[in-house]
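**Q** The structure that follows is given in the form of structure tokens.
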Amino acid sequence: MKKLLNLQSKFFSQLIDLSALKKLGLLILVVVITFIMSLSIGDSFISPIKVMSVLLGNGASFDMLVVQEFRMPRIIVALFAGVGLAVSGAILQGIIRNPLASPDVIGISA
């Protein structure tokens, strides 16, 4: 039996599946850890502890330059590209009404 969380106010009422909420929390945690590890890996390795200190506003000027000017924009663009591809795939599956949309549906299977 599914455990549901009931959120209510004067204006809305929403049932939320707790297992889905746990999965979402785990997914967000994985994205944050991957984000921090991606900021630390490169030509000059910067430890994740130093990356966290740079993100909090402390750290050496070289580390701040590398993380904030070179690595972070690249990772943020990659994150937005992934979100865009996921949303476009969900829209495509919704329009076609096929839960498993295959490449030949839009003619790119050749």
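The values are calculated or read from the model by the stated rules, or taken from the named source; none is laboratory data. Quick caveat, the model's predicted, so the values are computed rather than measured. Backbone-built Cβ (ideal geometry, glycine too); neighbour counts: all protein chains shown.
**Q** Restricting attention to segment 3-44, which residues are under 30 Å from PHE62 (Cβ atoms) and not hydrophobic (A, V, I, L, M, F, W, C)?
**A** THR34, SER38, SER40, GLY42, ASP43, SER44
**Q** Output the residue which, of all residues in segment 3-30 that are hydrophobic (A, V, I, L, M, F, W, C) and in contact (Cβ under 8 Å) with a residue 12 or more places away in the chain, is nearest to VAL67 (Cα to Cα).
**A** LEU21
**Q** Can we say GLY57 is in a helix (DSSP H, G or I), surrounded by fewer than 11 Cβ atoms within 10 Å (Cβ to Cβ) and not β-branched (Val, Ile, Thr)?
**A** So GLY57 does not fit the description; no.
**Q** Collect the residues in segment 82-106 that are over 26 Å from VAL31 (Cβ atoms), at pLDDT below 65 and outside any helix (DSSP H, G or I), keeping them in residue-number order.
**A** ILE106 - this is the single residue of segment 82-106 that is over 26 Å from VAL31 (Cβ atoms), at pLDDT below 65 and outside any helix (DSSP H, G or I).
**Q** Of all residues in segment 38-54, which are surrounded by 12 or more Cβ atoms within 10 Å (Cβ to Cβ) and part of a helix (DSSP H, G or I)?
**A** Selection gives SER38, LEU39, SER40, PRO48, LYS50, VAL51, MET52, SER53, VAL54.
**Q** State which residue is farthest from the chain's Cα centre (by Cα) when the search covers only segment 48-73 and only residues that are of a type in the set (A, V, I, L, M) and over 19 Å from VAL31 (Cα atoms).
**A** ALA60
**Q** Would you check which residues across segment 3-20 are surrounded by 11 or more Cβ atoms within 10 Å (Cβ to Cβ) and charged (D, E, K, R) and list them?
**A** Within segment 3-20, just ASP17 meets the criteria.
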